[in-house]
Each structure stands twice: as C-alpha cells, then as structure tokens.
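The values are calculated or read from the model by the stated rules, or taken from the named source; none is laboratory data. Because the structure is predicted, anything quoted here is derived from the model rather than measured. As a convention, Cβ positions derive from the backbone with ideal geometry for all residues, glycine included, and neighbour counts pool all protein chains shown.
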Amino acid sequence: MNNLGQMLKQAQQMQARMQEMQERLAAIEVTGVSGGGMVAVTLSGKGDVKKVKLDKSIVDPNEIEVLEDLIVAAFNDAKSRVERHIAEETEKLTGGLKLPPGLKLPF
C-alpha cells in the first residue's frame, strides 16, 4: 500500500507542476516571420494570435494573395516555435520520460 500512496503523491506533484507550466506558457509570446521579416505573427504560448505586423512595402491590393500566403507562413512558423517550446518544457517536467504516442501535454 506504501507504493500506491507514493504514486498518488507523485501524481499530485506532477499535476501541480503541470499547472505551473500552463501558467508560464500563457505568459510567453512567440513570433514567427516570413517574407524575410516583412510579415510577423505573434502567438501566446497557448497558440492564440496576439499580433500581426506587416511591412508597408508588401501591402499592394494587386498582390493580396501573396500577402495572404505570407501571413499563413508566418503563423505556421510561430505555431511550430510554440510547439517546440511546449515540447521542451514538457520534457523538463517529465524528466525526459517519453510519453505514449498521441498523449499531448499540457493540452
């Protein structure tokens, strides 16, 4: 029974650390760029769009499709940066323990 009690205690500690990690993630902002920095999209650590910045030189009504593609590329860059950050933080939290495929933390 001692092992079960120890496992429950460890699970509670892990839960507390996960909550702390989620709070830290909510506070960070990550920026992705495209077009050589002419388009920037900033996301929160939870993946919410916080800001879009466009260089004035690329705002051409005749080339709107290019601008749309650049915004998508910048968003995807920011999203992959957030995912890398989450993976790094999760690895620190789990001590390098490999999680089962499909199990994503903290979401």
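Okay, residues lined up against (1) farther than 19 Å from Glu83 by Cβ; (2) at pLDDT 85 or above; (3) charged (D, E, K, R):
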residue	(1), (2), (3)
Ala27	no, yes, no
Gly32	no, yes, no
Lys50	no, yes, yes
Asp60	yes, yes, yes
Open item on the list: Could you tell me how many of the residues in the range 50-83 are farther than 26 Å from Leu25 by Cβ and polar (S, T, N, Q)?
Closed with: 2
Task: Selection count where residues are surrounded by fewer than 10 Cβ atoms within 10 Å (Cβ to Cβ) and not in a helix (DSSP H, G or I), scope the range 1-40 - done: 1
Task: Total residues in the range 49-66, condition within 14 Å of Val33 (Cβ to Cβ) and part of a helix (DSSP H, G or I) - done: 1
